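Following: one structure in structure tokens, then a few remarks.
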Amino acid sequence: MPSQKKFEYVEKVKECLKPGKAFYFTDFTGLTVKNLQVLRHELRKNKATYVVLKNTLGFLALKEMGFDEPSIRQLFVGPTGIAIAFDDPVILAKILNNTEKLKVKGGFVEGEYFDSSKIIEFSKIPPRDVLYGHIVGSINMIANFVGVLESIIRDLMYTLEAMKDKNKEVK
């Protein structure tokens, strides 16, 4: 029979994970305490956190939250830490992939499971601000193109009007 303390632990884990947009499961073997503190500090600056969980109780918490059981079972093998993104999952993936001796096992981004190779691909996506800049630049290019088309049509209309006036003078 599970103890009350374990039930409370599972509930505490669920409360910690609920506001997260992305969860990256890591193996922190070989990571020093100092490196872990630096990692946690960097994550806090980027609206994220890192928690180390007991595998069985962490598995139960995620299962109760509705995550895919086979996916989470394979993530809770060996020492397990979960990096939780509360804002931008891409920045978190970049930080984790740049941390020495930290191995990303896989994770969930907005409820969908991704293996470690996909998490590495996430880390290569440009930051949100850069993507917004690309969108704004594309919109400006479209606006410029529309302006050019508009001027061509306007010039065509003036030319046709001039030809019409010239034909009236000739007759």
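None of the figures in this text is laboratory data; all of them are computed from the coordinates on show. On a predicted model such as this, the values are computed, not experimentally measured, just so you know. Cβ: placed from backbone, ideal geometry, glycine included. Neighbour counts: every protein chain shown.
Just to be sure I understand the model, the point goes 7 Å from the Cα along the line to the Cβ. What's the resulting Arg73 to Val146 distance in nm?
5.4 nm
What does the helix-only formula give at 222 nm for the chain: each DSSP H stretch with n ≥ 4 adding -39500 (n - 2.57), the total divided by the residues, and the result rounded to the nearest 500 deg cm²/dmol? Walk me through the intermediate numbers first.
On the way: 7 runs with 104 residues, N = 171.
Using -39500 (n - 2.57) per qualifying helix, the result is -20000 deg cm²/dmol.
How far, in nm, would the chain grow between Leu131 and Glu100 when pulled straight, counting 0.36 nm per residue and subtracting the alpha carbon separation?
Stretched fully, the Leu131-Glu100 segment lengthens by 8.4 nm.
For the stretch 111-165, which trypsin sites (Lys or Arg not before Pro) pass both filters: DSSP loop (anything but H, G, I, E, B) and at most 12 other C-beta atoms within 10 Å?
Lys124
Separation of the stretch 75-102 and the stretch 1-73 by C-alpha centroid, Å?
11 Å
Would you please give the residues with an amide H less than 5 Å from that of Asp88, counting only those at least 5 places away or on a separate chain, with H modeled from the backbone geometry?
Amide H neighbours of Asp88: none.
Provide the per-residue ³J(HN,Hα) series for the stretch 131-146, in order, calculated from phi with Karplus coefficients 6.51, -1.76, 1.60 and θ = phi - 60°, each as a whole number of Hz, with x at glycine and proline positions.
4, 4, x, 5, 5, 4, x, 5, 5, 4, 5, 5, 4, 5, 4, 4
Across the Cα atoms of the stretch 101-168, what radius of gyration and what greatest pairwise Cα-Cα distance (Dmax) are found, in Å?
25.7, 84
If exposed means no more than 12 neighbouring beta carbons inside 10 Å and the site is in a DSSP loop, what's the longest run of the chain without any exposed GluC sites (Glu not before Pro)?
Longest stretch, sites excluded: 1-99.
Using a Gaussian network for the chain with springs between C-alpha atoms less than 10 Å apart, which of these wobbles most: Asn97, Asn46, Asn140?
For the chain, modelled as a Gaussian network with Cα springs under 10 Å, the answer is Asn140.
Give the Debye-formula value of log10 I(q)/I(0) at each listed q (0.13, 0.17 Å⁻¹), with one equal scatterer per alpha carbon of the chain, two decimals each.
Per q value, in the given order, log10 I(q)/I(0) is -0.70, -1.02.
Give Lys12/Lys105; Lys21/Lys47; Lys12/Lys94; Lys18/Lys54 a once-over and call out the pairs whose C-alpha atoms are over 20 Å from each other. Before the final figure, lay out each step's value.
Details: Lys12/Lys105 23 Å; Lys21/Lys47 11 Å; Lys12/Lys94 27 Å; Lys18/Lys54 18 Å.
Where the Cα-Cα span goes over 20 Å, the pairs concerned are Lys12/Lys105; Lys12/Lys94.
Gaussian network model of the chain, Cα springs within a sub-10 Å range: biggest mean-square fluctuation belongs to which of Ile135, Ile91, Ile152?
For the chain, modelled as a Gaussian network with Cα springs under 10 Å, the answer is Ile152.
Pick out which of Val146, Val13, Val136 has the largest mean-square fluctuation in a Gaussian network model of the chain, springs linking Cα atoms closer than 10 Å.
Per the Cα network of the chain with a 10 Å cutoff, Val146 tops the list.
I need the per residue convex hull volume for the stretch 52-119, using only the alpha carbons, in cubic angstrom as a whole number.
90 Å³
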